[in-house]
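Heads up, the thing below is written out as structure tokens.
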Amino acid sequence: MQLRNSRVLVTGASRGLGRNIAQAMARRGADVALVARNAEQLEELAKELGGKAYPADLMDPAAVEELIGRVEADGPVDVIINNAGVDRVGRFYEASSADVRDLLQVNLIAPMELCRQVMPGMIKRGRGHIVNVSSMGAISTGPGVTLYGASKAGLSHFTAGIRSELRNKPVNTTLVQIGEVKTDMIDHIRSFGPARRTIERSLKFRMIPQEPLDADMVAEAIADAVEKEKKHVILPKRIAAMAYLTETPRRVSELMLTGIDQDSD
């Protein structure tokens, strides 16, 4: 799908990777619809990119439920990029029930709900692309990020599921699985001793790059994936083998759907 003149919704757009994604989309001529909690930052970015801000707290189910309606009142969404995410660093058994609910709401339930809202219109119009930004934490987890990893594993599997349901329909999906990116989240994760020491060991054995990924590079890779209709973005490349270990069973299941009528109840 060509991004020029396409309407692209980006969640978590006010800062971090989401901001870079929004900028990359705008550089390619997209009309960006920006979603985040911080209304002031969002309005500034919308003005910079010539897009429109839709302040919303994805931790609030009511805000999520009405979001696509708000955005599509100004025009249909051609591409949705579910990028917004929060982390909760620390031992899982020390988390509160609110910690669990809030993280799953933002990282998993909100993306699923936004997809549910946007997919019927995309199918009807014969045009659409869904991008879900997951993490290598969905594949290889460690101390301190148990809850975050579980939420991203759910998002990865959900993406494979909707990909199978959209088979032979004019809507594409992209699963983005990335390692560490140069954002504030890295510092937060590394502030927890067990997580930091796990990362240090991974660096020692060269399982991950010495330097985190550049956010602009990741954003451009996502833009390329939309325009080239790629199913999967894996960065850095050295972790691709690990990603495909979990992706292969999903692809095999997808192949088994060949020729199966999915439209008749």
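Just so it is clear, none of the values below were taken in a lab; they were calculated from the coordinates. Fair warning: this is a prediction, and the values are worked out from it, not measured in the lab. Heads up, the Cβs are rebuilt from the backbone with ideal geometry, glycines too, and the neighbour counts pull from every protein chain shown.
Points worth noting:
- Residues Leu257, Leu213, arranged from fewest to most other Cβ atoms within 10 angstrom of their Cβ, appear as Leu257, Leu213.
- With a simple spin-label model that places each label point 7 Å from the Cα along the Cα-to-Cβ direction, the separation between Arg28 and Lys169 comes to 2.2 nm.
- Cross-link reach list, lysines versus Lys152, counting only Cα pairs under 20 Å and skipping chain neighbours closer than eight places: Lys182, Lys230, Lys231, Lys237
- Amide N proximity, segment 91-107 versus Arg197 label position 7 Å along Cα-to-Cβ, cut-off under 15 Å: 91
- Taking the convex hull of the alpha carbon positions in the chain and averaging its projected area over all directions gives 14.3 nm².
- Dividing the mean sequence gap of close Cα pairs (under 8 Å, 6+ apart) by how many residues the chain holds gives a relative contact order of 18 percent.
- Ranking Gly128, Gly69, Met1 by how far each Cα lies toward the positive end of the dipole of the chain (charges on Cβ) leaves Met1 at the top.
- About its Cα centre, the chain has a charge dipole of approximately 880 debye under the convention of +1 per Lys or Arg Cβ and -1 per Asp or Glu Cβ, with nothing else charged.
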